[in-house]
Each structure stands twice: as C-alpha cells, then as structure tokens.
1. For the stretch 169-248, what log10 I(q)/I(0) values come out of the Debye formula at q = 0.12, 0.17, 0.20 1/Å, with one point per alpha carbon and no solvent?
2. What Kirkwood radius, in Å to one decimal, follows from the Cα pairs of the chain?
3. Give the average over all directions of the projected area of the C-alpha convex hull of the stretch 1-68, one decimal, in nm².
4. Could you check what % of the DSSP bridge pairs in the chain are antiparallel, to the nearest 5?
5. Give the angle, between 0 and 90 degrees and rounded to the nearest 10, that separates the Cα long axis of helix 235-248 from the longest principal axis of the Cα atoms of the chain.
6. Treating only the Cβ atoms of Lys and Arg (+1) and Asp and Glu (-1) as charged, compute the dipole magnitude of the chain about its Cα centre; round to the nearest 20 debye.
7. Can you tell me which of 87-96, 108-117 comes out highest on packing, and rank the rest after it, using the mean Cβ neighbours within 10 Å?
8. Ranking request for peptides 129-140, 168-179: highest mean number of other beta-carbon atoms within 10 Å first, then the rest in descending order.
Amino acid sequence: MSFKTIFNYSPNFDTTKRKPQQIKFIIFHYTGIKKENDSIKRLTSAKSKVSSHYLIKNDGQIITLVPDLYTAWHAGVSFWKNYKLLNKDSIGIEISNPGHEFNYKKFSKKQIQSISKLTKLLIKKYKIKPQNILGHSDIAPSRKKDPGEKFPWKYLSSNKIGYWHKLNQRKLDQNRYLKTKDLEKKIFVKNLKLIGYSTIPPKNSNIAITKYMKIITKAFQRRFRQDKINGIIDQECLMISENLTKILN
C-alpha cells in the first residue's frame with residue numbers, strides 16, 4: 001500500500017531520533033483553525049512550538065511535517081494507561097477542520113480515504129495495536145475535544161483501524177437515559193480506567209473530581225457514543241464500557 005505525500009517540514013520536533021519499536025500510538029487531531037492555510041503556517045512556524053507528523057488537507061492531500069522517527073509536538077500533557085506525555089511514543093495526524101470553536105464540520109470523504117490509507121500503512125509498519133489508536137480528547141480530556149464526535153471511529157473500526165463495541169444499537173437505544181446507581185457509576189469509571197483513560201484530574205489543574213468525571217464521560221461519548229454527548233453516565237454508557245473491556249481482554 002502506498003500514498004502520495006508532499007513535504008513541508010516543521011522545525012518543531014525533538015532532534016534525537018527514536019527507534020521504530022518506541023512508536024506505540026497513533027493520535028488523531030483536528031486543526032481547530034478556520035482557514036487551512038493558517039493551519040499549515042502554524043504547524044510549520046517555529047514560534048508556535050507545535051507540530052504533528054502528518055496533516056491531511058480538505059482535499060485529502062497528505063503533508064508530511066515531521067518524519068516518523070522524530071518526536072513531533074502534538075500531544076502535550078497527556079495520559080493513557082501507564083503512559084505520560086505521549087509525544088515520545090506516538091505519531092500525530094492532524095486533519096484540517098475548523099473544530100468546535102469555528103463551526104465544526106464533517107470530515108470530507110477524501111480526508112477519510114486518506115486517513116484510512118495512511119493509518120493502515122502506519123499500523124503495519126509499526127505494529128500498532130487497535131486499542132492504541134486514539135483521539136486527542138482521549139489522552140487529554142480536560143483540555144481537548146478533537147477529533148470530536150464527527151470523526152468516523154465506527155467506520156474506521158470496520159476497516160481494521162481502531163476498535164468499536166459489538167452491541168445492538170436498538171438495545172443501546174432502549175437503555176439510553178436510564179439512570180445508573182452509584183455502584184454502577186463506579187463500575188463505569190473502573191471500565192474507563194481499564195480502557196486507558198486517566199480517571200484522576202491532571203496535577204495542578206484544580207478540577208474537582210465530580211467535574212472531571214463529567215469531562216472524561218464526555219470524552220468517552222465523543223469516541224463511542226457520538227450522537228449524544230452530555231457527560232451523564234447512563235445505562236447505555238455502562239453497557240458500552242463493559243463490552244469494550246471484554247473486547248480488550
């Protein structure tokens with residue numbers, strides 16, 4: 001499998017080369033900027049101190065910003081399972097999209113095609129596990145919403161990119177809005193931790209635990225229950241979380 005890419009290198013990366021086996025994650029982002037050209041400028045400006053390995057434009061064209069074996073600056077303060085500061089362990093893929101602040105829109109068909117081609121190649125090349133293909137909001141839920149609820153996680157999982165639950169949608173719909181008991185809420189949080197989410201607020205964030213629970217529930221919903229993002233732990237969310245932990249085990 002191959003794909004065409006253009007090169008527009010960013011100065012924002014660690015100069016120490018890493019080993020291929022160090023790459024364990026793929027992290028998806030949206031650019032969150034109105035104009036695509038402004039996104040490219042930001043990702044290639046030394047002043048911004050941000051970058052990613054790839055940028056997928058609206059027309060599906062792929063730009064290589066940082067070579068794979070160098071650490072790009074895309075994840076920031078981040079956590080997943082036993083990993084912290086995931087830049088050093090990951091490949092970052094930015095996708096051109098104005099994001100939630102600027103009229104968040106669906107990703108184009110050409111973008112999705114390019115996401116599929118690029119990600120499949122990276123999975124094969126670096127032996128990336130399905131559970132290690134993540135969104136920025138998964139690893140930094142208190143700061144980020146991207147790539148957001150319009151990102152085609154379910155479709156990508158059907159093409160062996162990432163994973164999705166195996167539950168009947170009609171059954172899920174029947175359990176939406178049904179309240180959970182305190183013990184069930186604790187089980188849900190335990191499941192989030194098993195999946196990989198950090199269930200403890202970041203240090204120095206001053207976020208109350210009750211508020212943080214709502215934040216990570218929304219992050220979970222943006223990923224696995226995309227048509228209803230309300231931060232409420234209902235029976236549907238509990239069912240999905242239980243099914244995902246079974247898939248992982």
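Quick note: the coordinates plus some simple rules give every number you see, no bench work behind them. It should be emphasised that the depicted structure is a prediction, and the values quoted were computed from it without experimental measurement. We place every Cβ from the backbone using ideal geometry, glycine too, and count neighbours over all the protein chains shown.
1. Values returned for q = 0.12, 0.17, 0.20 Å⁻¹ are -0.31, -0.63, -0.87.
2. When all Cα pairs of the chain are included, the Kirkwood radius is 18.5 Å.
3. 5.4 nm²
4. Around 30 percent antiparallel, to the nearest 5.
5. Tilt of helix 235-248: around 60 degrees.
6. Using Cβ point charges on Lys, Arg, Asp and Glu, the chain gives about 300 debye.
7. Descending packing order for the listed peptides: 87-96, 108-117.
8. 129-140, 168-179
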